[in-house]
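Remarks on the structure that follows.
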Amino acid sequence: MFGDSTLQVRFKAPAKLKADAKVTRSEGNTKTVKVDVVDKKGKPVSNARVTVYTKGLKNMKVAYTNNNGQAVFTMPSNIESGYMTVTGIDVVPIVDQAVKF
């Protein structure tokens, strides 16, 4: 077997995911971004790696989903839009999905 430690070996057909971001204003100069990740049956996906970021990767945050399929981030309030990428084991990654902060 070849590859480095970041190689993700698939043992079954990869599952398609859906990710939705909801933004709420927090106190001060921040926004709370909650990303919900579910499979095609609507079941929450735990331990998926979610990255939210802005153009040029100026503001980037990484978190893993909990047992409810949710990852929570805090972003500066002056940011209006960006992207998210979701990866995981045995899943089809979501790459550069647009997000309105």
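Annotations for the structure displayed:
- Within straight-line cross-link reach of LYS16, aspartates and glutamates at Cα separation under 12 Å, skipping those fewer than 8 residues along the same chain: ASP39, ASP90
- Contour excess over end-to-end distance, with Cα ends at LYS12 and LYS100 and 0.36 nm allotted per residue: 28.3 nm
- Nonpolar atom fraction for the chain, defined as the carbon and sulfur part of the 1.4 Å probe accessible area, stands at 51 percent.
- Between GLU80 and ASN59, the contour length at 0.36 nm per residue exceeds the alpha carbon distance by 6.4 nm.
- When only the Cβ of Lys, Arg, Asp and Glu is charged (+1, +1, -1, -1), the dipole of the chain relative to its Cα centre reaches about 220 debye.
- Accessible surface calculations at 1.4 Å, restricted to protein heavy atoms, place region 30-101 at 57 Å² per residue.
- When the Cα atoms of the chain are aligned to their principal axes, the ranges along those axes come out at 49, 30, 19 Å in descending order.
- Filter on LYS43/LYS100; LYS12/LYS55; LYS34/LYS58 - keep pairs with C-alpha separation over 29 Å: LYS12/LYS55
The values are calculated or read from the model by the stated rules, or taken from the named source; none is laboratory data. Every value quoted in this text rests on a predicted model; they were computed, and no experiment measured them. Reconstructed Cβ throughout: ideal geometry from the backbone, glycine too, with neighbour counts over all protein chains shown. In case anyone asks, the SASA skips ligands and DNA or RNA and just uses the protein heavy atoms, side chains included. Shrake-Rupley method; radii C 1.70, N 1.55, O 1.52, S 1.80 Å.
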